[in-house]
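Here is the structure we will look at.
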Amino acid sequence: MPADPTDRIALMRAFADMYRAKQFDRDGFDDDGYLQTTLSDDDRMPLEFFIEYNNAWWFEIISGVDVPHVAYDPESDSGSIVLDIDYAGDTLRAMQHVQFGAGRINRIRTYASGAFFLGSSPLVRLDRYGNAVWLETGYDLGASLRAALAFLDTPHGRAFAAEDPTARPVARIRANLAELESRLTG
């Protein structure tokens with residue numbers, strides 16, 4: 001039976017709202033789904049990892065996300081979302097192609113320019129470090145959490161914690177990591 005376009009469009013709008021609110025809700029995503037990105041490699045990042053990484057780290061770094069376009073194509077049963085991601089005045093433009101499971105988002109493919117992360121903005125640099133810390137641990141949530149905490153205790157991490165505009169995001173990230181660690185070990 002074909003998917004109900006009204007339900008799929010509602011899922012895409014809810015996805016856009018999560019970006020705008022800078023908080024992903026697990027209920028919108030399949031437990032066995034994954035994300036792939038042109039920014040790092042073609043590996044499959046589990047959606048659980050994607051949710052936790054963004055909620056704990058990435059959303060704290062960015063100023064906000066504008067979502068100028070959301071679409072659904074009933075023929076392919078897929079959606080797309082355009083993202084203008086603000087890093088305190090530096091804008092990363094990205095697009096995601098979305099595939100669905102039974103009633104949730106199952107697969108996401110992200111397209112964006114990796115050259116953006118060569119910028120010198122402190123927030124962009126913090127995100128570049130975060131990408132390395134989180135994404136180079138094989139998408140193991142515990143290993144990434146430990147790597148993120150270890151990074152924050154390095155000279156680079158301490159410098160980000162001591163200077164504007166990264167000091168407040170780093171403080172929130174530390175609190176988020178403590179809460180995530182509590183959930184993982186509790």
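Some notes on this structure:
- Only one item in (1) 53, 35, 32; (2) 49, 43, 28; (3) 56, 39, 27 matches Cα extents along the principal axes in Å derived from the coordinates shown, and that item is (3).
- The chain - percent of accessible surface contributed by carbon and sulfur, probe 1.4 Å: 50
- Solvent-accessible area of Ser182 with every protein chain in place, 1.4 Å probe, in Å² to the nearest 10: 70
- Per-residue ³J(HN,Hα) for the stretch 146-162, Karplus 6.51 cos²θ - 1.76 cosθ + 1.60, θ = phi - 60°, Hz, x for Gly and Pro: 5, 5, 5, 5, 5, 4, 4, 9, 7, x, 4, x, 5, 5, 4, 6, 9
- Sequence of His97, His69 from largest to smallest accessible area, 1.4 Å probe: His69, His97
- With contacts taken as Cα pairs under 8 Å and at least 6 residues apart, the stretch 1-115 reaches a relative contact order of 28 percent.
- Taking a Cβ cut-off of under 14 Å around Leu145, the surrounding Lys, Arg, Asp and Glu residues balance to a net charge of -4, with basic ones at +1 and acidic ones at -1.
- Using a Förster distance of 30 Å, the FRET efficiency for Ala167-Arg26 (Cβ separation, nearest 0.05): 0.50
- Computed from point charges on the beta carbon alone (+1 for Lys and Arg, -1 for Asp and Glu), the dipole magnitude for the stretch 67-127 about its Cα centre is near 200 Debye.
- Mean Cα-pair separation over length for the stretch 90-186, i.e. relative contact order, pairs under 8 Å, 6 or more apart, %: 17
- Neighbours of Ala161 by Cβ distance under 12 Å: Lys/Arg scored +1, Asp/Glu scored -1, total +1.
- Extreme residue, positive dipole direction of the chain, given options Ala16, Ala167, Asn106 (C-beta unit charges): Ala167
- The candidates Tyr111, Tyr129, Tyr34, arranged from most to least accessible area with a 1.4 Å probe in the full protein assembly, appear as Tyr111, Tyr129, Tyr34.
- Estimated inter-spin distance, Gln99 and Asp43, nm [label 7 Å along Cα→Cβ]: 2.0
- When Asp32, Asp90, Asp7, Asp77 are compared by accessible area at a 1.4 angstrom probe, the order from most to least is Asp32, Asp7, Asp90, Asp77.
- Per residue, the solvent-accessible area of the stretch 5-102 (1.4 Å probe, heavy atoms of protein chains only, all protein chains present) comes to 46 Å².
- The residue list Leu118, Leu47, Gly79 was ranked by how far each Cα lies along the charge dipole of the stretch 1-148 toward its positive end, using unit charges on Cβ atoms, and Leu118 comes out on top.
- In nm, spacing of pseudo-spin labels at Asp90 and Ala115 (7 Å Cα→C-beta vector): 1.5
- Using heavy atoms of the protein chains and a probe of 1.4 Å, the accessible area assigned to Glu179 is about 90 Å².
- Calculated mean residue ellipticity, 222 nm, the chain: -13000 deg cm²/dmol, from DSSP H runs (n ≥ 4) at -39500 (n - 2.57) each, averaged per residue and rounded to 500.
- Computed about its Cα centre, the charge dipole of the stretch 1-74 is approximately 340 debye, with only Lys, Arg, Asp and Glu carrying charge at their Cβ.
The values are calculated or read from the model by the stated rules, or taken from the named source; none is laboratory data. In this text the structure is predicted, and so the values were computed from the model without any measurement. Every residue, glycine as well, gets a Cβ built from its backbone with ideal geometry; the counts of neighbours run over all protein chains shown. For the accessible areas, the whole protein counts, side chains as well, though only heavy atoms, and no ligand, DNA or RNA atoms are used. Shrake-Rupley method; radii C 1.70, N 1.55, O 1.52, S 1.80 Å.
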